[in-house]
Amino acid sequence: MKSFPGSNAVDYFERKENRNWNSTTVKYCVAGSPFLCDFADHVKIRTVYMDEMNYYTRDYNTSAEQMYQTMNLVDNINLSGLIRCPVLMGVGLFDDDCPPRIGFAAFGNIRAEKEYHILPEKAHPLGKEWHQYYRNWLRKKFGLE
């Protein structure tokens, strides 16, 4: 496994010499039912992950602590502070796969312009209302309306 110099991926990518992008590369970000946010909490409420984690630690001769450290490298709660473009996040209040609180854990760290859209009666699949909402948002952002 490749390791990152420093304490985590955020430290590595925040150093200027490791950046391969600039502020004009990504114009906007849309995330519906965000995943891989606050993994440590997510795994507590989404117990289906436990079987996968047990399999992984057993078959790859690793510890749960090592697995959590690796997941921390790609956890959006740690990476979302690097976002520099406007963000729209959509969540369904009945989502038990990626509950809104895990998305908001990462959303709170975004330092760029951001907004969220809550779909109070939706679960993980956000449906046509979300698709129309984010398409309209992007059209406005790109000046197509």
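Just so it is clear, none of the values below were taken in a lab; they were calculated from the coordinates. Model, not experiment: these values are computed from the prediction. Quick reminder, even Gly has a Cβ in these numbers, built from the backbone with ideal geometry, and neighbours come from all protein chains shown.
Before moving on, here are some points about what is shown:
- Per principal axis, descending, Cα span of region 33-79 in whole Å: 29, 20, 13
- For peptides 74-87, 46-59, sequence by mean Cβ density within 10 Å, most packed first: 74-87, 46-59
- Dividing the convex hull volume of the alpha carbon atoms of region 20-141 by its residue count gives 116 Å³ per residue.
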